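Undergrad: I have a structure I would like to understand better, so I am pasting it below and will then ask my questions one at a time.
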Amino acid sequence: MQADDFGCEIAERVIIETFDPAKLNLEDKYSICEGQSISIDVEDNDSWVYIWREAVPPYNGLGNNTNTIDLDSGGIYILQVYDDNGCTVSTKNLKL
C-alpha cells in the first residue's frame, strides 16, 4: 500500500474524466411555404447517433437517424444526439 505526502495510506486511485458534450447549432424556428420542403442538418460525426422525432405527443420518430432531415410540413420537432462519450444533447424545439 502507498502513502501520500501527508502519511495517509492510499488504497486505490480513481481517475475521473469529463468530456464536452456534442454541441448542436440550430435555429429555433424555420419557415417554408406550402408545397416546399427544407433540409436541416447539424455537424456530421460517424460515431454519433441522431434521433429526429416530433416534439409533441405521441412523439413519433421521423425514421431518419442521420445528421440531416428533410421536412415538408409544419410542426414542432426535436433532435436528440448521443455522442461517442455516451453524452446526450437535446436541442430546443424546432418550429416549422
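Undergrad: For the stretch 43-54, which positions are open to solvent by less than 60 Å² (accessible area, probe 1.4 Å) and either under 22 Å from T18 (Cα atoms) or modelled with pLDDT under 85 (or both)?
TA: Scanning the stretch 43-54 gives N45, S47, W48, Y50.
Undergrad: Read through the list (1) free of Cβ contacts under 8 Å to residues at least 60 places away in the same chain; (2) under 10 Å from the mean Cα position of the chain (by Cα), then give the number of the only condition that T88 fails.
TA: Exception for T88: condition (1).
Undergrad: With the structure loaded, tell me whether I15 is more than 15 Å from V89 (Cβ to Cβ) and open to solvent by less than 50 Å² (accessible area, probe 1.4 Å) or whether it fails that test. Full working, then the answer.
TA: Values: more than 15 Å from V89 (Cβ to Cβ): yes; open to solvent by less than 50 Å² (accessible area, probe 1.4 Å): no.
Considered against the rule, which asks whether it is more than 15 Å from V89 (Cβ to Cβ) and open to solvent by less than 50 Å² (accessible area, probe 1.4 Å), I15 comes out as no.
Undergrad: Of all residues in the stretch 71-87, count the ones that are among the hydroxyl-bearing types (S, T, Y) and loosely packed, with under 12 Cβ neighbours inside 10 Å.
TA: Result for the stretch 71-87: 1.
Undergrad: Within the stretch 23-31, identify whether any single residue is open to solvent by 90 Å² or more (accessible area, probe 1.4 Å) and out of contact with any strand residue (DSSP E or B) (no Cβ under 8 Å at 6 or more places or on another chain), and answer yes or no.
TA: Scanning the stretch 23-31, I find at least one residue that is open to solvent by 90 Å² or more (accessible area, probe 1.4 Å) and out of contact with any strand residue (DSSP E or B) (no Cβ under 8 Å at 6 or more places or on another chain), so the answer is yes.
Undergrad: Scan the stretch 20-40 residue by residue and report those that are closer than 20 Å to T88 by Cβ and at pLDDT 85 or above.
TA: Hit for the stretch 20-40 is I40, nothing else.
Undergrad: Since T68 meets every condition but one in (1) open to solvent by less than 60 Å² (accessible area, probe 1.4 Å); (2) touching a strand residue (DSSP E or B) at 6+ places or on another chain (Cβ under 8 Å); (3) closer than 17 Å to C87 by Cβ, which condition does it not meet?
TA: Every listed condition holds for T68 apart from (3).
The values are calculated or read from the model by the stated rules, or taken from the named source; none is laboratory data. From a predicted model like this one, the values you see are computed outputs, not experimental measurements. Glycine gets a Cβ as well: all are built from the backbone with ideal geometry, and neighbour counts include every protein chain shown. SASA here: full protein model, heavy atoms, side chains in, ligands and nucleic acids out. Shrake-Rupley method; radii C 1.70, N 1.55, O 1.52, S 1.80 Å.
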